[in-house]
Amino acid sequence: MLNYNFVTECVRFQLYKENTIIFNGWFREDNPDERTLECYLDQERLNCSQRTVKGSEVRQKYSEYQAEVNEEQILLVDLPTDWEERKKLFLYTCNGVKRKMSYSASIRQLKKIKNGVDYYIEMQRLEGDSQLLLSGWCVAGALVKIMLRGKNGRELPIKIKRSYRKDIAGLFAELDTEYQAGFQLTADISREKHLEVCFQAGSKKSVYRMKRSQLKKGRGRADGVSILKKAAFYYERHGMEATLLKIRSKLFRNEKVLYEDWRKRRSITKEELERQREEKFSYSPKFSIVIPLYRTKKSYLRELLESVQRQTYGNWELCLADGSGKDFLLEPLVSEYAKGDQRIRYRALEENLGISENTNKAMDMAKGDFFIFADHDDLLSPDALYECAKALNQDGEIEVLYSDEDKIDTDGQKYFEPHFKSDLNIDLLCSMNYICHLFVVKKTLIEKSGVLRSEFDGAQDHDFILRCVEVAKKVYHIPRVLYHWRCHLNSTAANPESKLYAFEAGRKAVEEHYHRMGIPAIVEHAKTYGMFRTKYHWEEQPLISIIIPNKDHIDDLKKCMDSVLKKSSYQNFEFVIVENNSSEKETFAYYKKIESERIHIVYYEGEFNFAKINNIGVKHAKGEYLLLLNNDTEMIGEHCLEELLYPCMREDVGVVGARLYYEDDTVQHGGVIIGFGGMAGHAFIGQSRYEAGYFSRSICTQDLSAVTAACLMTKKSIFEAAGGLTEEFVVALNDIDYCLKVRALGKLVVYNPYAELYHYESKSRGLEDTPEKVERFQREVALFNRRWDEILKNGDPYYNRNLTLNKADFSLRV
């Protein structure tokens with residue numbers, strides 16, 4: 001059973017209204033029961049106004065809870081003038097006549113909140129031996145005075161730098177638009193062991209205490225605020241449930257969710273199934289479920305038949321073509337079910353024609369509008385056909401549908417290995433048959449694509465799926481497990497070595513797809529069974545302009561360039577080095593040494609702006625293709641440039657990205673997923689270079705929404721059509737924004753893991769820890785939210801809503 005209770009994230013007083021208290025929080029699972037909130041002071045119900053806020057900023061704000069919050073509730077409560085004479089405040093979650101307490105606070109606690117200044121210490125550390133650096137934010141109805149005191153309350157001289165904080169303005173909606181909530185404090189504390197930071201605004205006052213021994217040295221993200229102190233502070237302001245959730249999110253960030261538990265919590269209810277049976281659609285397509293039978297175990301066939309009969313959508317027929325032979329006819333068993341249900345149709349074949357032709361015979365029996373393909377011993381979920389009909393009513397252009405699936409053991413008791421899939425992903429489909437089941441095709445489309453072909457037996461579904469998606473108007477993915485794949489010892493699902501012929505048939509199917517599409521390519525078996533690797537054979541050898549921004553660090557630059565010059569088998573390239581405010585003489589001497597017809601040095605003047613630096617480099621590029629490359633990367637294999645270039649030469653592709661590793665051979669970049677961490681993040685980060693990842697997605701070529709510009713190949717014509725990198729994104733998100741602009745032009749972004757590089761991370765730039773940098777980053781986040789709110793809201797089409805956004809390993813959503 002899912003928990004829909006309210007979580008109080010923050011309790012505070014309105015800054016400019018003395019007796020108004022504000023609750024911020026969220027309902028678990030985004031409040032499907034439409035529960036409401038009520039507030040009481042002792043036994044008196046108080047006047048409240050409640051509103052719901054949605055959008056990408058909400059998801060980002062609550063991302064650390066690992067609960068994937070999409071809706072924030074804001075409750076304004078008017079307290080009576082004599083509230084300080086009462087005893088206790090209560091907040092209840094209400095569902096009809098039922099209510100449950102979500103939060104309570106004594107009057108003493110409320111007074112403490114009211115009389116204090118809202119503040120948060122984000123970072124504290126020592127620079128050298130005596131320089132304190134403290135940053136965070138503080139808010140009150142007026143500008144907060146900040147003081148630092150040492151021994152015996154002696155006030156110490158400080159320097160304060162204040163800044164506007166858009167994120168804090170979002171938390172305190174009533175703040176003046178120019179209010180500077182952010183601060184950075186520096187002070188000499190060479191003689192002090194105990195310190196107090198005092199925040200004061202009129203009669204409001206809060207004090208933060210720390211010890212010198214807590215302060216860490218250096219430029220890392222050192223934060224000396226103790227966990228216990230943070231927890232106590234958080235509990236005081238947010239309540240027990242939010243505090244426990246926060247602690248859990250920190251302590252169990254790597255906790256795996258078991259699928260059996262996940263499935264039980266999210267299983268469809270009897271009430272919902274009954275509601276589906278009663279629903280009437282304006283369009284009621286007839287589904288023909290076509291299944292070839294061959295010596296099917298009778299208990300499995302019974303389970304299959306009953307799973308079809310349990311469907312909540314009733315306009316279907318089941319077409320069974322039996323190639324078992326006269327000595328193993330299944331007709332008596334099927335007749336038991338067909339007698340009471342004329343939708344079940346059976347045909348005994350004179351001989352076994354193989355899986356493709358047997359399936360085609362079942363298709364010959366079908367009279368429906370859409371054909372559904374299933375195996376003879378698998379199961380459909382009871383809402384499978386309902387979800388298909390629902391999708392077709394929402395979009396009449398859909399001609400192909402497919403769903404997520406899981407596996408079921410031979411006893412039909414254990415469900416495991418759920419496959420939560422990408423939306424249509426042609427490069428992933430050429431790497432493996434990720435679609436499989438449930439697969440649904442419009443009858444009229446099959447007249448264009450053709451039926452199953454026996455020369456591809458073993459991978460006949462892969463060949464058929466490729467031909468269908470090539471000609472379909474629209475392919476729709478239903479992100480729900482609607483199919484349960486029976487796992488046998490000798491099935492390719494459980495024992496891939498049992499059917500090596502099937503993998504060869506799959507290789508041929510993908511290769512024929514390329515031939516039909518006019519793409520010069522051959523297909524090879526990858527290192528993992530059932531996966532394929534595409535090798536292109538283009539006659540053209542276009543010029544690649546490799547754009548590298550650089551500031552000093554000539555050893556890194558040399559390593560980067562040498563890895564290309566000395567290793568690459570593809571040699572038609574030029575370098576465009578964009579000099580960015582270097583200060584070392586050795587850097588300019590090195591430029592003079594290397595500058596040549598093949599290596600061009602371009603000088604950029606101005607503050608650091610990654611987007612603008614690359615745009616300037618592109619203006620000086622002569623190549624038809626551009627490779628945006630960081631100076632702290634190192635190419636690994638000799639064919640890295642080809643692996644980036646050749647997919648990019650396809651007409652339907654606009655960008656190609658690489659697989660990047662840290663120095664310790666863990667993954668730094670396996671593509672970008674929109675929504676990770678509330679915004680976007682790298683897939684499979686931190687996993688071993690040798691791990692395949694979720695359903696091998698770390699190691700196979702596929703389409704994604706974005707890749708990093710640390711190594712990004714693109715056509716120059718596409719770069720210009722997209723307007724280059726957006727220069728408002730000074731440091732962050734410019735590469736993701738560019739990829740999304742390319743996607744908006746109708747071109748694909750391809751992640752190719754066979755292009756491998758080391759990425760030693762941005763050594764040329766410092767941390768994002770000054771008020772100016774924080775403010776700039778917040779502006780860029782806000783701009784990204786405005787530009788790409790739809791994908792942030794609806795989710796990355798190449799990911800799956802059933803997978804978590806809080807970790808990069810494609811694990812289950814909590």
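The values are calculated or read from the model by the stated rules, or taken from the named source; none is laboratory data. Please read these numbers as outputs of a predicted model, since none were measured by experiment. Neighbour counts are summed over all protein chains in view; Cβ atoms, including those assigned to glycine, are modelled from backbone coordinates with ideal geometry. We work out accessible area using only protein heavy atoms, side chains counted, and drop any ligands, DNA or RNA first. Shrake-Rupley method; radii C 1.70, N 1.55, O 1.52, S 1.80 Å.
What to note about this one:
- Within segment 590-637, the set of residues being over 31 Å from the mean Cα position of the chain (by Cα) and open to solvent by 70 Å² or more (accessible area, probe 1.4 Å) comprises LYS592, LYS593, GLU595, GLU597, ARG598, TYR603, GLU605, GLU607, LYS619, HIS620, LYS622, GLU624.
- Taking the criterion of being modelled with pLDDT of 95 or more, open to solvent by less than 20 Å² (accessible area, probe 1.4 Å) and either more than 16 Å from VAL290 (Cβ to Cβ) or of a type in the set (A, V, I, L, M, F, W, C) (or both), the residues of segment 306-332 that qualify are VAL308, THR312, TYR313, TRP316, LEU318, CYS319, LEU320, ALA321.
- For segment 286-301, the criterion of being farther than 23 Å from LYS443 by Cα and of a type in the set (S, T, N, Q) is met by at least one residue.
- Wholly enclosed strands (runs of 3 or more DSSP E) of segment 638-713 bearing at least 3 residues surrounded by fewer than 20 Cβ atoms within 10 Å (Cβ to Cβ) and of a type outside the set (Lys, Arg): none
- Restricted to segment 714-723, and to residues there that are touching a Leu at 6+ places or on another chain (Cβ under 8 Å) and not in a loop (DSSP other than H, G, I, E, B), the residue that is surrounded by the most Cβ atoms within 10 Å (Cβ to Cβ) is THR714.
- Only residues that are open to solvent by 30 Å² or more (accessible area, probe 1.4 Å) and outside any strand (DSSP E or B) were counted across segment 128-144, and they come to 6.
- All conditions in (1) open to solvent by less than 80 Å² (accessible area, probe 1.4 Å); (2) at pLDDT 95 or above; (3) not aliphatic (A, V, I, L, M) hold for HIS537, with the sole exception of (1).
- Odd one out for THR726, checked against (1) over 30 Å from PRO479 (Cα atoms); (2) of a type outside the set (Gly, Ala, Ser); (3) part of a loop (DSSP other than H, G, I, E, B); (4) open to solvent by 40 Å² or more (accessible area, probe 1.4 Å): (4)
- Residues considered: ASP427, ASP404, ASP461, ASP423. Of these, the only one that is under 23 Å from ARG697 (Cβ atoms), in contact (Cβ under 8 Å) with a residue 24 or more places away in the chain, among the acidic types (Asp, Glu) and touching an Asp or Glu at 6+ places or on another chain (Cβ under 8 Å) is ASP427.
- Test: residue in segment 31-47 that is at pLDDT below 85, acidic (Asp, Glu) and open to solvent by 20 Å² or more (accessible area, probe 1.4 Å): yes
- Boolean, GLU586 is in a helix (DSSP H, G or I), among the charged types (D, E, K, R) and either buried (at least 21 other Cβ atoms within 10 Å of the Cβ) or in contact with a His (Cβ under 8 Å, 6 or more places away or on another chain) (or both): no
- Filtering segment 442-461 to residues that are open to solvent by less than 30 Å² (accessible area, probe 1.4 Å), under 17 Å from MET363 (Cα atoms) and of a type outside the set (A, V, I, L, M) leaves SER449, GLY450, GLN460.
- Meets criteria (surrounded by 14 or more Cβ atoms within 10 Å (Cβ to Cβ), β-branched (Val, Ile, Thr) and at pLDDT below 90) for VAL97: no
- Of all residues in segment 472-517, those satisfying the criterion of being open to solvent by less than 50 Å² (accessible area, probe 1.4 Å), modelled with pLDDT under 85 and not in a loop (DSSP other than H, G, I, E, B) are PRO496, SER498.
- In segment 784-801, the residues that are under 23 Å from GLN702 (Cα atoms) form Cβ pairs under 9 Å with partners that are in a helix (DSSP H, G or I) and among the hydrophobic types (A, V, I, L, M, F, W, C), at six or more places apart or across chains, as follows: TRP788/ILE736; TRP788/LEU740; ILE791/LEU740; LEU792/PHE784; ASP796/PHE676; PRO797/ILE791; TYR798/LEU428; TYR799/PHE676.
- Of all the listed residues (ALA201, ALA187), the sole one being modelled with pLDDT of 90 or more, farther than 25 Å from LEU76 by Cβ, surrounded by 15 or more Cβ atoms within 10 Å (Cβ to Cβ) and more than 39 Å from the chain's Cα centre (by Cα) is ALA187.
- Pair list, Cβ under 6 Å, 6 or more apart: segment 276-295 residue touching a residue at least 40 places away in the same chain (Cβ under 8 Å) and surrounded by 19 or more Cβ atoms within 10 Å (Cβ to Cβ), other residue assigned to a strand (DSSP E or B) and of a type in the set (Val, Ile, Thr): PHE287/ILE372; ILE289/ILE372
- The helices (runs of 4 or more DSSP H) located wholly in segment 337-434 that include 1 or more residues which are within 29 Å of ARG277 (Cβ to Cβ) occupy 355-365, 384-394.
- Candidates ARG125, ARG162, filtered to the one that is surrounded by 19 or more Cβ atoms within 10 Å (Cβ to Cβ) and assigned to a strand (DSSP E or B): ARG125
- Members of segment 573-583 found to be closer than 12 Å to LEU557 by Cβ and assigned to a strand (DSSP E or B), listed by number: PHE575, ILE577, VAL578, GLU579, ASN580
- Among the candidates VAL7, VAL53, residue that is open to solvent by 30 Å² or more (accessible area, probe 1.4 Å), closer than 28 Å to GLY675 by Cβ, modelled with pLDDT of 80 or more and not in a loop (DSSP other than H, G, I, E, B): VAL53
- Among the conditions (1) under 20 Å from the mean Cα position of the chain (by Cα); (2) surrounded by fewer than 16 Cβ atoms within 10 Å (Cβ to Cβ), GLU761 misses just one, which is (1).
- Which numbered condition LYS535 fails, given (1) more than 30 Å from SER696 (Cβ to Cβ); (2) part of a strand (DSSP E or B): (1)
- Qualifying positions in segment 557-573 - in contact with a Gly (Cβ under 8 Å, 6 or more places away or on another chain) and open to solvent by 10 Å² or more (accessible area, probe 1.4 Å): LYS567
- Residues that are basic (Lys, Arg), assigned to a strand (DSSP E or B) and more than 25 Å from TYR16 (Cα to Cα) occur at least once in segment 145-159.
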